[in-house]
Amino acid sequence: MINPSIEAHGVPFLETTDLRKHFVSGGGLLSGKPRVVQAVSNISFHVDQGTTLGVVGESGCGKSTTARLLMGLIERDSGAVRIEGKDIGGPQGLDIKEARRQMQMVFQDSFASLNPRMTIETSIMFGPRVHKVSKSEARRRAHSLLDRVGLQPERFAARYPHELSGGQRQRVNIARALALEPRMLLLDEAVSALDKSVEAQVLNLLLDLKDEFGLTYLFISHDLNVVQYISDRVMVMYLGKVMEIGPVEDIYNTPSHPYTQALLKAMPSMDPTQRTESAPITGDPPSPINPPSGCRFHTRCPHAEDVCQLLEPQLTVTRPEHFVGCHMADIDSGHSKAGNG
Amino acid sequence: MIVMTDERHGPVVEVPPAAASHGYWRGVFSRLAKDKTAIGCTVILTAIVLAAVFAPLIAPSDPSVGSVLKRLKPVGEPGFLLGSDELGRDMLTRLLYGGRMSLITGIVPVALALIIGGGLGTLAGYMGGWINSIVMRTTDVIFAFPSVLMAVAISGALGAGLENMLLALTIVLIPPIVRISESVTTQVRSLDFVEAARASGAGSLTIIRAHVLGNILGPIFVYSTSLLSVSIILASGLSFIGLGAKPPTPEWGLMLNALRTAIYSQPIIAALPGVMIFIVSLSFNLLSDSLRSAMDVQR
């Protein structure tokens with residue numbers, strides 16, 4: 001197996017190897033056999049300093065779980081997360097508190113992610129105060145960040161979250177995440193709940209902030225247009241596995257994995273001559289409780305063959321920096337279309 | 001509350017910048033100070049507490065001296081402003097003195113149970129996992145006993161006396177408060193802002209103090225104050241079977257019990273101790289309800 005995170009790039013900012021999280025529920029005295037939800041199964045990827053990795057996939061594919069694993073909000077079963085080569089929680093690595101200072105997260109629900117009983121100023125100051133920044137310095141930082149995200153501090157600092165609109169709240173959440181002066185932001189569907197016009201404003205704000213502070217982004221979204229707009233590289237996930245990962249133009253112009261192809265076909269086009277006549281894939285993805293054997297996509301894949309049911313495809317390099325987890329991409333796999341596509 | 005907004009400039013309603021210097025709790029108290037119900041209840045409760053504390057100074061006669069000849073006099077009888085009880089003692093005097101014991105048996109166990117039960121419930125709700133299991137299953141065991149039986153058993157085992165009675169009442173009141181605290185904490189805990197606080201590297205205690213408490217205290221307070229009257233009544237029950245206050249010590253619950261035989265001849269007098277319990281517990285309840293809404297910034 002070629003690990004996509006081992007590339008001749010020097011040390012990437014963020015790197016994971018074989019990250020895995022299976023949620024176990026039930027299995028008590030009376031509930032019988034425990035049910036194991038394979039939320040994230042051995043995924044490996046890296047994000048280079050100053051770039052944006054877009055993560056796409058249907059609901060329940062493990063996108064958010066991945067972000068929460070990276071933040072240490074849920075404990076990983078196995079695998080490693082490294083920031084600049086240093087293991088988080090490892091013996092000679094970073095402790096989790098320091099890792100959380102370097103990486104911050106913005107959540108989808110702008111309202112639920114702010115304490116309703118705190119003024120937004122206090123919410124932004126909370127992180128720095130935890131990290132022993134003086135009160136006056138924390139307040140100064142909060143005000144300058146509010147200003148930076150487009151909210152005048154003298155008018156907004158003392159407001160409560162319910163007094164703001166969704167877009168304004170998400171700006172506050174971004175300011176809050178930046179208050180610890182992190183080097184990376186994990187944006188979990190951060191713009192998905194916003195109106196289209198507001199979404200565009202916040203996206204542009206994110207791009208500006210990235211340049212200004214030299215940030216690295218992990219951008220999770222189900223919106224392929226948005227991901228194309230903001231990302232340098234894209235990772236496609238399906239049922240807790242990486243299907244394809246590569247540079248954004250490469251993925252969007254010449255997708256190699258049948259799942260990526262289907263996703264992109266499902267993207268509504270603005271061009272009336274490019275109609276989507278029939279749904280490229282139908283139905284819901286199978287349950288992650290008992291994921292399909294072999295390739296997890298074989299139940300919905302138009303090119304599925306026996307080998308797909310039996311063997312799990314490994315990520316194979318097809319073009320520079322472009323990795324595909326499909327038997328058709330692997331010449332030695334035994335799939336009849338191997339090597340053609 | 002609906003505020004007109006536009007994306008760039010925010011709510012059109014102007015907020016005076018002076019508000020920035022106000023902390024959250026200062027805001028709570030300023031809202032509370034504008035609440036007529038809260039002011040009324042505070043005045044009533046303060047008056048009752050002061051009357052109980054200074055009973056020896058303001059009471060017209062001795063609470064334990066009576067005359068059988070003057071028993072069960074109606075309200076307004078000369079020398080007996082609120083009538084007299086079944087042993088001819090002045091009701092007003094006994095109600096004033098009775099407040100001392102009743103307020104103690106009402107407030108102390110609830111306050112202790114609030115601190116212990118609230119702490120345990122919040123911890124269990126926030127931590128989850130095995131800590132939650134231990135705390136909640138232990139609570140269930142205590143909860144399984146009827147509260148009166150439990151109180152009688154504990155104070156019976158410890159022996160009669162005020163301290164033992166207070167301890168027994170506290171133990172009885174803890175489980176329901178643990179239950180309430182645990183369930184509201186579990187709800188708050190799953191919200192994204194707690195997750196975001198964890199992501200900023202804060203420890204559990206800091207998160208509970210800064211983010212959880214403000215969002216759970218309201219419902220816990222309101223529920224706990226409803227236990228005040230329960231506590232007073234339970235205490236009077238213990239007194240009645242000789243495990244708490246002993247006659248002739250005046251105590252509202254005990255008086256209510258003793259006067260129940262007079263319910264047909266002097267219903268107003270028989271009801272007076274009950275009215276006092278009712279006023280105290282209602283005032284606390286309304287006050288904590290006002291506090292809850294004052295703590296809600298979204299009004």
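The values are calculated or read from the model by the stated rules, or taken from the named source; none is laboratory data. All values reported here derive from a predicted model rather than from experimental measurement. We place every Cβ from the backbone using ideal geometry, glycine too, and count neighbours over all the protein chains shown. We work out accessible area using only protein heavy atoms, side chains counted, and drop any ligands, DNA or RNA first. Shrake-Rupley method; radii C 1.70, N 1.55, O 1.52, S 1.80 Å.
Considering chain A, its Cα convex hull presents a mean projected area of 20.4 nm². Proximity of backbone amide H atoms, modeled 1.01 Å from N, is registered between A:TYR238 and A:MET243 at under 5 Å, excluding neighbours fewer than 5 places apart on the same chain.
Give the B-A buried accessible area in Å², both sides summed, 1.4 Å probe, nearest 100.
Between B and A, the summed buried area is about 3200 Å².
Burial here means at least 50 square angstrom less accessible surface with every protein chain in place than with the chain by itself, probed at 1.4 Å; in the stretch A:82-113 the buried residues are A:ARG100, A:PHE107, A:ALA112.
Would you mind calculating the gained length between B:SER265 and B:THR37 on full extension (0.36 nm times residue separation, minus the Cα-Cα distance), in nm to one decimal?
Computed gain between B:SER265 and B:THR37 is 78.5 nm.
Each 5 Å bin from zero up to the one holding the largest Cα-Cα distance in the stretch A:1-151 carries the following percent of pairs: 2, 8, 13, 16, 16, 15, 13, 10, 5, 2, 1, 0. Can you tell me the orientation of helix B:267-294 relative to chain B, as the angle in degrees between its alpha-carbon axis and the longest Cα principal axis, to the nearest 10? Long axis of B:267-294 versus the principal axis of chain B: about 10 degrees. For the segment A:152-160, counting C-beta atoms of other chains within 10 Å of every residue's C-beta and taking the mean gives 5. Judged by the mean number of other Cβ atoms found within 10 Å, the most tightly packed of the peptides A:324-336, B:286-298 leads the ranking A:324-336, B:286-298. For A:THR216, the residues 5 or more places off, or on other chains, whose built amide H falls under 5 Å of its own are A:GLY50, A:MET184, A:LEU185.
Expressed as a whole percent, the accessible surface of the stretch B:53-188 that belongs to carbon and sulfur atoms is 72, based on a 1.4 Å probe. On the stretch B:237-284, 75 percent of the accessible area sits on carbon and sulfur atoms, based on a 1.4 Å probe. According to the square roots a ≥ b ≥ c of the eigenvalues of the Cα gyration tensor, what is the shape class of the stretch B:188-299, taking rounded for a/c under 1.5, prolate for a/b larger than b/c otherwise, and oblate for the remainder? Note, shape of the stretch B:188-299 comes out prolate. Residue by residue, the stretch B:88-100 carries 3J(HN,Hα) couplings of x, 8, 5, 5, 4, 4, 5, 5, 5, 5, x, x, 4 Hz when phi is fed to the Karplus relation 6.51 cos²θ - 1.76 cosθ + 1.60 (θ = phi - 60°); x denotes Gly or Pro. At the listed q of 0.12, 0.28 Å⁻¹, the Debye profile of the stretch B:173-239, built from one uniform point per Cα, gives log10 I(q)/I(0) equal to -0.42, -1.17. Here's how it looks for A:THR316: its modeled amide H is under 5 Å from those of A:VAL324, A:GLY325, A:CYS326, which are all 5 or more places away or on a different chain. A simple packing score, the average count of other Cβ atoms within 10 Å per residue, orders the peptides A:283-293, A:121-131 as A:121-131, A:283-293, with the highest score first.
Find the relative contact order for chain A and round it to a whole percent, using C-alpha pairs within less than 8 Å whose residues are 6+ positions apart. Can you show the working numbers first?
Details: 648 pairs, mean separation 65.5, N = 341.
Answer for chain A is 19 percent.
The 1.4 Å probe gives accessible areas that order A:VAL242, B:VAL49, largest first, as B:VAL49, A:VAL242. Only Cα pairs under 8 Å and 6+ residues apart enter the sum, and on that basis the relative contact order of the stretch B:237-284 stands at 28 percent. Summing charges over neighbours of B:PHE240, with a neighbour being any other residue whose Cβ is under 15 Å away from its Cβ, gives 0 when K and R count +1 and D and E count -1. Taking Cβ atoms as reference points and 15 Å as the exclusive limit, the residues near B:GLY274 contribute a net charge of 0, counting Lys and Arg as +1 and Asp and Glu as -1. Each 5 Å bin from zero holds the following percent of Cα-Cα pairs in the stretch A:69-205: 2, 10, 19, 21, 19, 13, 9, 5, 2, 0. Over chain B, the Kirkwood radius and the radius of gyration, each from Cα atoms, give a ratio Rg/Rh of 1.08. Taking every protein chain into account, the accessible area of chain B amounts to 48 square angstrom per residue (probe 1.4 Å). Apolar share of the accessible surface for the stretch A:168-263: 46 percent from carbon plus sulfur atoms, 1.4 Å probe. What the Cα atoms of the stretch B:76-181 give is an Rg and a Dmax of 19.0, 66 Å.
Rg/Rh for the protein assembly as shown to two decimals, with Rh computed the Kirkwood way over all alpha-carbon pairs.
1.13
Ranked by the mean number of other Cβ atoms within 10 Å of their residues, highest first, the peptides B:138-145, A:203-210, B:107-114 come out as B:107-114, A:203-210, B:138-145. For chain A, the longest principal axis of the Cα atoms and the long axis of helix A:120-130 meet at an angle of about 80 degrees.
Per residue of B:212-219, other chain Cβ atoms within 10 Å of the residue Cβ number 1 on average. For the stretch A:36-101, the per residue solvent-accessible surface stands at 37 Å², with DNA, RNA and ligands left out and a 1.4 Å probe. A Cα-only calculation for the stretch A:129-248 places Rg and Dmax at 15.8, 48 Å. Per-residue 3J(HN,Hα) values for the stretch A:238-247, derived from phi via the Karplus relation 6.51 cos²θ - 1.76 cosθ + 1.60 with θ = phi - 60°, read 8, 6, x, 10, 7, 8, 7, 8, x, x Hz in sequence order (x marks Gly and Pro).
On a per residue basis, the stretch A:223-341 carries 50 Å² of accessible surface, using protein heavy atoms and a 1.4 Å probe. Couplings for the stretch A:154-169, taken from phi via the Karplus curve 6.51 cos²θ - 1.76 cosθ + 1.60 with θ = phi - 60°, read 5, 9, 10, 4, 8, 7, 9, x, 5, 8, 10, 7, x, x, 5, 5 Hz in order; Gly and Pro are left as x. Does a label point 7 Å from the Cα of B:ILE279, set along Cα-to-beta-carbon, have any residues of the stretch B:237-251 with amide nitrogen under 17 Å, and which are they? Output list for this probe position: B:251.
Pop out a list of residues from the stretch B:183-209 that are at least 50 Å² less accessible with all the protein chains around than in their chain alone; 1.4 Å probe, no ligands or nucleic acids counted. By number: B:ASP192, B:PHE193, B:GLU195, B:ALA196, B:ARG198, B:ALA199, B:SER200, B:GLY201.
Excluding B:MET127 itself, calculate the net charge of residues whose Cβ lies under 12 Å from the Cβ of B:MET127, where each Lys or Arg counts +1 and each Asp or Glu counts -1.
Here the count lands on 0.
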